[in-house]
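These notes are about the structure you will find just below.
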Amino acid sequence: MARRGPECPRNGFTVAAAADAVPAARRQVVSLAQDLGLPLSDQALETVELLAGELIANAVQYTHAPCDVSVRRADERLRVEVTDTNASVPSVVEAGANDESGRGLLLVNALAADWGTQPEPTGKTTWFEIVSEPSTDGMGSNSASAPPSPCACAPRRTEGRARMASSANSQSSFGSPTMGKQYQAA
């Protein structure tokens, strides 16, 4: 599922097609994020772990296949990408009070600085970005001076942040409706 050339270094790994692989994968995302030298507060790292877990769980649940995870710097942002084999575009939905799933992308939409999807030859990549922010006490996980961004070539979305569906229309999605059948993300 690799799709970028060597001009843009990244840290990544493959997650097995099993729900029990998700907790270790989200912890590995945090570890890789800490290695990039971005000043991220403990709260930001908790957000990264939560959002990575949501995207990875969706990929595993809806494809029943391994997925690739990439963690890298995009200027002064942390970018996490999950590439899976399902070309279906995920959508933010309003989950009912008794629904056991359907809130994952709601969290991503609320907590990420930006997020989206992009088609791939064998599926799609769903990604999110977190803005680096040193801890307020100066003692955050990586509050030391950060090196310059090693990857200024990171692609950026220009249309802005994903939008929540209005109450009149409970689903909103990215991309063209011809990209494939939509699924409700967990």
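Show the residue pairs that are 6+ apart or on different chains and have beta-carbon atoms under 6 Å apart, the first residue being within region 16-28 and of a type in the set (D, E, K, R), the second being open to solvent by less than 80 Å² (accessible area, probe 1.4 Å).
Every condition considered, the pairs that remain are Arg26/Glu49; Arg26/Ala52; Arg26/Gly53.
Say we look at region 116-140 and pick out the residues that are farther than 20 Å from Thr85 by Cβ and buried (at least 18 other Cβ atoms within 10 Å of the Cβ); which of these is modelled with the lowest pLDDT?
Here the residue is Gly140.
Just to be sure before I move on: is Val80 assigned to a strand (DSSP E or B), closer than 15 Å to Val22 by Cβ and open to solvent by less than 30 Å² (accessible area, probe 1.4 Å) in the structure I sent?
Spelling it out, Val80 is indeed assigned to a strand (DSSP E or B), closer than 15 Å to Val22 by Cβ and open to solvent by less than 30 Å² (accessible area, probe 1.4 Å).
Name every residue in region 23-51 that is farther than 16 Å from Asn11 by Cα, open to solvent by 20 Å² or more (accessible area, probe 1.4 Å) and either among the acidic types (Asp, Glu) or touching a helix residue (DSSP H, G or I) at 6+ places or on another chain (Cβ under 7 Å) (or both), in order of residue number.
Within region 23-51, Asp42, Glu46, Thr47, Leu50 qualify.
What are the residues in region 52-64 that are open to solvent by less than 40 Å² (accessible area, probe 1.4 Å) and touching a Ser or Thr at 6+ places or on another chain (Cβ under 8 Å), if any?
Matches in region 52-64: Leu55, Asn58, Ala59, Thr63.
Among the residues of region 83-115 satisfying the criterion of being part of a helix (DSSP H, G or I), touching a helix residue (DSSP H, G or I) at 6+ places or on another chain (Cβ under 9 Å) and open to solvent by 10 Å² or more (accessible area, probe 1.4 Å), which is modelled with the lowest pLDDT?
Filtering region 83-115 for residues that are part of a helix (DSSP H, G or I), touching a helix residue (DSSP H, G or I) at 6+ places or on another chain (Cβ under 9 Å) and open to solvent by 10 Å² or more (accessible area, probe 1.4 Å), the one modelled with the lowest pLDDT comes out as Leu107.
Could you check how many residues of region 65-76 are at pLDDT below 95 and open to solvent by 10 Å² or more (accessible area, probe 1.4 Å)?
Residues meeting the conditions: 2.
The values are calculated or read from the model by the stated rules, or taken from the named source; none is laboratory data. Everything numeric here is computed off the predicted structure, so don't read it as measured data. Note: ideal-geometry Cβ built from the backbone for every residue, glycine included; neighbour counts use all protein chains shown. Protein only, heavy atoms only, side chains kept; ligands, DNA and RNA dropped before computing areas. Shrake-Rupley method; radii C 1.70, N 1.55, O 1.52, S 1.80 Å.
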